[in-house]
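Peer 1: Quick one: the structure is below, and I'll ask about it shortly.
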Amino acid sequence: MLHIAVFASGRGSNLQAIHSAIASGHLDADLRLVLSNHTDAAALSWAAAQGIPTVHLRYDAKDGGGDILELLHDHGADFIALAGYLKLIPAHVVRAFRHRIVNIHPALLPSFGGPGMYGRHVHTAVLAAGVKVSGATVHLVDEEYDRGPIVRQECVPVEEGDTAETLAARVLEVEHRIFPEALQLFAQDRVKVADGRVFISQ
Ligand code: GRF
């Protein structure tokens, strides 16, 4: 069973998908904490309304990230899910939670990721590149944006009439399914990392 802290900067639809997967018994976990760098993040108010502990934390990644580890410890969290979290995770937190932090990205990494590649920017870049498929990626988090071994990936077609919004909506549907599925692999202790790759045991 995972004791998850979700970090979210905005809307929180992936947070809600994780919550639903737990409620329906598809994900063996509980939500210990929702942390945001924005006081007005919809994810925070939604979590508070569900009775999930929430924290607003502002930090500069270079200053060491304040007291994140203490917060996680105090709430009994042993796993971190980044669900639309726009800040870099401080190196000491990555070290302490090595292979215990995952992120969801709305494209097929390692393409269309990295600094500045978030939200609409991702889908605009996908359309500008003219690729015929996009998708969603769940990956382990390391010290850089959108890097780290890939846990799960799924494609969606890019349609000729797509705008950034229609493509984002198609990708989001996949995100809401594969993020809880990927978390369940950790809950079942089926994820192994070797040579920078993730292997899933049966
Ligand atoms: C998602 O598209 C996710 O892939 C990206 O940020 C967005 C967050 O959406 N990292 P939400 O806040 O979960 O609704």
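The values are calculated or read from the model by the stated rules, or taken from the named source; none is laboratory data. Please read all numbers here as calculations on a predicted model, not as lab measurements. Using ideal geometry, Cβ is built from the backbone for each residue, glycine included, and neighbour counts are taken over all protein chains shown. Calculation scope for accessible area: heavy atoms of the full protein, side chains included, ligands and nucleic acids excluded. Shrake-Rupley method; radii C 1.70, N 1.55, O 1.52, S 1.80 Å.
Peer 1: Could you tell me which residue of segment 5-25 is most open to solvent (accessible area, probe 1.4 Å), considering only residues that are more than 10 Å from the ligand (Cβ to nearest atom) and within 17 Å of ALA41 (Cβ to Cβ)?
Peer 2: So, considering only residues that are more than 10 Å from the ligand (Cβ to nearest atom) and within 17 Å of ALA41 (Cβ to Cβ), the one most open to solvent (accessible area, probe 1.4 Å) is HIS19.
Peer 1: Still on this structure: Do we have PHE79 as open to solvent by less than 10 Å² (accessible area, probe 1.4 Å), more than 11 Å from the ligand (Cβ to nearest atom) and touching a residue at least 12 places away in the same chain (Cβ under 8 Å) here?
Peer 2: Judged against the criteria, PHE79 is a match.
Peer 1: Still on this structure, please answer the following. Please state which one of LEU31, LEU72 is of a type outside the set (Lys, Arg), within 23 Å of ALA182 (Cα to Cα) and in contact (Cβ under 8 Å) with a residue 40 or more places away in the chain.
Peer 2: Criteria check complete, one pass: LEU72.
Peer 1: Looking only at segment 138-146, decide whether some residue is open to solvent by 60 Å² or more (accessible area, probe 1.4 Å), over 17 Å from the mean Cα position of the chain (by Cα) and not hydrophobic (A, V, I, L, M, F, W, C).
Peer 2: No.
Peer 1: A further question on this structure: Return the only residue of ASP40, ASP30 being surrounded by fewer than 21 Cβ atoms within 10 Å (Cβ to Cβ), part of a strand (DSSP E or B), more than 12 Å from the ligand (Cβ to nearest atom) and not β-branched (Val, Ile, Thr).
Peer 2: After applying the criteria, what remains is ASP30.
Peer 1: Specify which of the listed residues (VAL126, VAL138) is within 16 Å of the ligand (Cβ to nearest atom) and either part of a strand (DSSP E or B) or touching a residue at least 60 places away in the same chain (Cβ under 8 Å) (or both).
Peer 2: It is VAL138.
Peer 1: Right, another one. When residues of segment 188-202 are filtered for being open to solvent by less than 100 Å² (accessible area, probe 1.4 Å) and farther than 15 Å from ARG152 by Cβ, how many remain?
Peer 2: So the answer is 2.
Peer 1: Go through segment 157-199 and give me each residue that's of a type in the set (Phe, Trp, Tyr) and within 16 Å of the ligand (Cβ to nearest atom).
Peer 2: PHE179
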